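Q: Below are the structure tokens for one structure; questions will follow.
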Amino acid sequence: MTYAIVYDSRTGNTKRLAQAVAETLPADGRLAFGNVGEVDGATLAAVDRVYVGFWTNRGDCTDEAAELLASLGGTEVFLFGTCGFGADATYFAGVMARVLTHLPESAHVVGTFMCQGSMPPSVRERYERQAEANPAQAARMAQLIDNFDEAVNHPDENDLARLRAAVEALP
């Protein structure tokens with residue numbers, strides 16, 4: 001089987017997942033590994049499967065990742081992503097459902113994986129400023145700060161092990 005691994009990573013979280021996928025699969029079938037925009041369409045059209053990683057931007061993948069997904073008609077696709085908010089399976093499922101809408105109907109999704117990812121420190125600082133500026137939102141901002149603090153350590157080794165297991169389980 002030939003494959004490509006393409007990812008969209010802003011802070012390095014999704015790149016870590018892409019590297020874990022690469023370490024899990026045999027190197028001899030890999031035709032490409034790179035960030036969105038670095039892997040050409042001809043290579044993607046030539047592989048049996050594309051592993052696509054994305055970071056979550058407002059509950060969906062980025063426009064660049066969506067464009068890539070839209071080009072994968074007739075291809076086997078494994079989607080993996082990181083999300084700063086929550087380690088909640090329901091939230092992750094909602095993100096993945098939105099991401100899946102970018103694929104053509106002829107794409108064949110062979111698997112998906114989501115995990116929490118750390119966020120830039122500026123996000124926590126923004127929550128702190130909002131809590132100070134608007135005391136009525138302080139309790140909500142405290143919840144968001146707690147989530148931020150939990151996300152700092154992700155993806156962790158458990159996340160990477162779960163991703164590897166999902167990739168290994170594929171036919």
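Q: Mind listing the Cα extents of region 1-133 along all three principal axes, in Å, largest one first?
A: Here the spans come out as 54, 28, 24 Å, largest first.
Q: On a 0 to 90 degree scale, rounded to 10, what angle separates helix 121-133 from the longest Cα axis of the chain?
A: For 121-133 against the chain, the angle is about 30 degrees.
Q: Here's a follow-up. Taking 0.36 nm per residue of sequence separation and subtracting the Cα-Cα distance, how much length would be gained by fully extending the chain between GLU157 and ARG58, in nm to one decimal? Could the numbers behind the result be given before it?
A: Details: separation 99, 0.36 × 99 = 35.64 nm, distance 2.56 nm.
Using 0.36 nm per residue and subtracting the Cα-Cα distance, I get 33.1 nm.
Q: Using the Karplus equation 6.51 cos²θ - 1.76 cosθ + 1.60 (θ = phi - 60°), what ³J(HN,Hα) coupling, rounded to whole Hz, does each residue of region 144-154 give in order, writing x for Gly and Pro?
A: Here the 3J(HN,Hα) series is 5, 5, 4, 4, 4, 4, 5, 6, 3, 8, 10 Hz.
Q: When only C-alpha pairs under 8 Å and at least 6 residues apart count, what is the relative contact order of the chain, in percent?
A: On the way: 299 pairs, mean separation 40.3, N = 171.
Here the relative contact order equals 24 percent.
Q: Measure off, as a whole percent, the carbon and sulfur share of the 1.4 Å-probe accessible area of region 11-54, all protein chains present. Could the numbers behind the result be given before it?
A: On the way: 890 of 1950 Å².
It is 45 percent, rounded to a whole number.
Q: Can you bin region 1-76 into rounded, prolate or oblate? Criterion: square roots of the alpha carbon gyration tensor eigenvalues sorted a ≥ b ≥ c, rounded for a/c under 1.5, prolate for a/b above b/c, oblate for the rest. Mind dumping the intermediate values first?
A: Working: a/c = 2.09, a/b = 1.25, b/c = 1.68.
It comes out oblate by the Cα gyration axes.
Q: While we're on this one: With n ≥ 4 as the cut-off for DSSP H runs, can you work out [θ] at 222 nm for the chain, using -39500 (n - 2.57) per run divided by the number of residues, rounded to the nearest 500? Don't skip to the end; give the middle numbers.
A: On the way: 7 runs with 77 residues, N = 171.
Counting only the DSSP helices, I get -13500 deg cm²/dmol.
Q: Quick check for you: with a 1.4 Å probe and neighbouring chains kept, what is the accessible area per residue of region 63-168, in Å²?
A: Numbers: 5580 Å² over 106 residues.
Using a 1.4 Å probe on heavy atoms only, each residue of region 63-168 averages 53 Å².
Q: How far is the Cα center of region 15-86 from the Cα center of region 111-155, in Å?
A: 26
Q: If you count the DSSP beta bridges with both ends in region 1-140, what percent of them are antiparallel, to the nearest 5? Please report the intermediate quantities before stating the final value.
A: Values: 1 of 26 bridges.
Rounded to the nearest five, the antiparallel share is 5 percent.
The values are calculated or read from the model by the stated rules, or taken from the named source; none is laboratory data. Because the structure is predicted, anything quoted here is derived from the model rather than measured. SASA here: full protein model, heavy atoms, side chains in, ligands and nucleic acids out. Shrake-Rupley method; radii C 1.70, N 1.55, O 1.52, S 1.80 Å.
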